[in-house]
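In what follows, a structure is listed as structure tokens, so that the remarks can point back to it.
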Amino acid sequence: MDSDKPSYVVPELERVKKTSLLPIVRHGSGTKGEKIQLLTNHFRVNLDSANGHFFHYSVSITYEDGGPMEVKGIGRKILDKVQETYYNDLGSKYFAYDGEKTLFTVGALPCNKLDFSVVLEEMVSRRSDANMKRLKRPNQSKKFNVAISFAAKIPMQAIANALQGKETIHLQDAIRVLDVIFCQNAVRL
């Protein structure tokens, strides 16, 4: 401890510079080492035009009585039904839905707030304790209310910048959009 400074003086902390994380730019392939075959789950992404925007919307699904829908896994079926039933009201746009509360489109929907009602007919099954076979009960239909509200506008240029190794403030948002699109397509396969 320094004898020059009183014991109650707190030393100044050195400020840490914020650094941005950027993807590594890779031009061509390596020149040293041994060639091997490698299987990965990565693939090249190319953008023809980065002039547009992804539009982020918040989704709220409730039962007909206004109670929140708490059943996991049914959100995609409900939004598929919205897409099928209200395609023209959605500006003839397709969307990517994360299965919970987020929806993305390329280009804006006709309004910042849209409300829809859909009816899902579900085949309900339950197990019989006697022989553990599933017993099918008749179709039960449920009505759901779906509210879609504008949340944010994400420039596609963020992806193009990241692919070129340039810094971008919307990178995480753009990656989330791509993740939702790829996951939705994988679910449909």
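At a glance:
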| item | result |
| --- | --- |
| Efficiency of FRET from Cβ geometry, Glu34 and Lys77, R₀ 41 Å, rounded to 0.05 | 0.25 |
| Tyr57, Tyr87 arranged by Cβ crowding within 10 Å, fewest neighbours leading | Tyr87, Tyr57 |
| Label point distance in nm, Asp48-Cys183, each placed 7 Å from Cα along Cα→Cβ | 2.7 |
| Protection proxy ranking, peptides 31-39, 178-186, average beta carbon neighbours within 10 Å, highest first | 178-186, 31-39 |
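Quick note: the coordinates plus some simple rules give every number you see, no bench work behind them. Quick caveat, the model's predicted, so the values are computed rather than measured. Please note: Cβ atoms are built from the backbone with ideal geometry, for glycine as well, and neighbour counts cover all protein chains shown.
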